Amino acid sequence: MSRTNLTITDELDRYIRAITLREPEALKHLREDTESHPHAGMQTAPEQGQFLHLLARITGAKKTLEVGVFMGYSSTWVALALPAGGKVIACDLSEEFTIRARQTWRAAGVEDRVDLHLGPAVQTLDRFIAEGQSGTFDFAFIDADKTNYSNYYERALQLLRPGGLIAVDNVLWDGRPIDLSATDADTEAIRAFNANVYSDARVAISLVPLGDGLTLACKL
Ligand code: CA
C-alpha cells in the first residue's frame, strides 16, 4: 500500500468524474454557462460540490453556514442535502454575483432553503453571535477572501454545535504555501490559517487534497 497520495492525472480526473459525478441539471447548466466568466476559477469544482453535499448528509445537517456564495454552486449542492425545514445561511458581499446564485437556487428548487445575507461576512457572523446563534449550526463551508479566513473560521467555530463540521476551501492555494518566494497577502493568510488549525485543540482535522485542497475541522 502506498504511503503517499496518488497523483491524479487529467485522465484519472476524467475517469473520477465519469464514474462518480451526479451533478444536478441546474448546476451543470450554471457551470457550462459561466465557464468563460472572468472569475470562473472561483467556482467550486463539481466533485467538491458533491463532496460537500455528502458531508452535509453525513452530519445530518439542518442549519448550515456558507461564507462566500459567488454564483451559488456550492450552496445549491448543500441545500439539496438538507431535510425539510433545513437552511443554508449564506453570506456574500456581491449583489452582482448573488443575483445569479438566486437564479440557480430557483432552478434547483431550493430557493426557500437559502437565506442570503449581503455585506461583510465578519460583521454578519458577529451579528449572528450577538443574536445568540452560537452552537446552533451543524455545518459550515468557508470559501471567500483568503485574508479573512482565520476570522471566518473563528466565528464559524463558535456558531457550530459540538460535532459540527467546518469545510474550508483553497487551503493548498495552487501550491503557493510551500513556495517560499510567495509572500503575497493571500498566500500568507492561507499559511497562517493552516498553521492555526493545525494547532487548534478544539477540533479534529483532515486536509482532503480535493480540488484546491479542502480542510475539514470537526468541533469537539
Ligand atoms: Ca474556492
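The values are calculated or read from the model by the stated rules, or taken from the named source; none is laboratory data. Worth saying up front: this structure is predicted, and the values here are computed from it rather than measured. All Cβ positions, even for glycine, are placed from backbone atoms using ideal geometry, and neighbour counts span all protein chains on display. Heads up: the accessible areas ignore ligands, DNA and RNA and are worked out on the full protein's heavy atoms, side chains in. Shrake-Rupley method; radii C 1.70, N 1.55, O 1.52, S 1.80 Å.
Taking the criterion of being surrounded by 13 or more Cβ atoms within 10 Å (Cβ to Cβ) and within 23 Å of ALA140 (Cβ to Cβ), the residues of the stretch 32-46 that qualify are MET42, GLN43, THR44, ALA45, PRO46.
Here's the yes/no breakdown for (1) among the charged types (D, E, K, R); (2) open to solvent by less than 50 Å² (accessible area, probe 1.4 Å); (3) not in a helix (DSSP H, G or I):
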residue: ASN5; (1), (2), (3): no, no, yes
residue: LEU12; (1), (2), (3): no, no, no
residue: GLN48; (1), (2), (3): no, yes, no
residue: LEU65; (1), (2), (3): no, yes, yes
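Reported count of residues in the stretch 67-89, each being among the aromatic types (Phe, Trp, Tyr) and crowded, with 24+ Cβ neighbours inside 10 Å, is 2.
Considering (1) under 17 Å from PHE139 (Cβ atoms); (2) outside any strand (DSSP E or B), the lone condition that ASP115 does not fulfil carries the number (2). Taking the stretch 155-220 as the region of interest, the strands (runs of 3 or more DSSP E) fully inside it that hold 1 or more residues being modelled with pLDDT of 95 or more and more than 19 Å from VAL67 (Cα to Cα) are 160-169, 203-208.
Among residues of the stretch 1-30 that are over 24 Å from GLY72 (Cα atoms), those with a Cβ under 9 angstrom from a residue that is surrounded by 11 or more Cβ atoms within 10 Å (Cβ to Cβ), sequence gap 6+ or separate chain, pair up as ASN5/PRO209; LEU6/LEU12; ILE8/ILE16; ILE8/PRO209.
Here is a yes/no grid of residues against (1) open to solvent by less than 70 Å² (accessible area, probe 1.4 Å); (2) aliphatic (A, V, I, L, M):
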| residue | (1), (2) |
| --- | --- |
| THR104 | yes, no |
| HIS117 | yes, no |
| ALA121 | yes, yes |
| ALA130 | no, yes |
| THR136 | yes, no |
| ALA140 | yes, yes |
| LYS146 | yes, no |
| ASN151 | yes, no |
| ALA189 | yes, yes |
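Against the test of being touching a strand residue (DSSP E or B) at 6+ places or on another chain (Cβ under 6 Å), within 16 Å of the ligand (Cβ to nearest atom) and of a type outside the set (Gly, Ala, Ser), the options VAL168, VAL203 yield a single qualifying residue, VAL168.
The rows are residues; the columns are (1) touching a residue at least 24 places away in the same chain (Cβ under 8 Å); (2) farther than 20 Å from PHE51 by Cβ; (3) among the hydroxyl-bearing types (Ser, Thr, Tyr).
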position	(1), (2), (3)
LEU157	yes, yes, no
PRO162	yes, yes, no
VAL168	yes, no, no
TRP173	yes, no, no
ASP179	no, yes, no
ALA182	no, yes, no
ALA189	yes, yes, no
ALA192	yes, yes, no
SER199	no, yes, yes
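When the residues of the stretch 32-46 are filtered to those that are assigned to a loop (DSSP other than H, G, I, E, B) and within 11 Å of the ligand (Cβ to nearest atom), which remaining residue is farthest from the chain's Cα centre (by Cα)? For the stretch 32-46, the residue satisfying everything is HIS39.
Just to be sure before I move on: is PHE141 under 12 Å from the mean Cα position of the chain (by Cα) and outside any loop (DSSP other than H, G, I, E, B) in the structure I sent? It is true that PHE141 is under 12 Å from the mean Cα position of the chain (by Cα) and outside any loop (DSSP other than H, G, I, E, B).
Report yes if THR147 is under 16 Å from the mean Cα position of the chain (by Cα) and either touching a residue at least 24 places away in the same chain (Cβ under 8 Å) or away from the ligand (no atom under 13 Å from the Cβ) (or both), otherwise no.
yes
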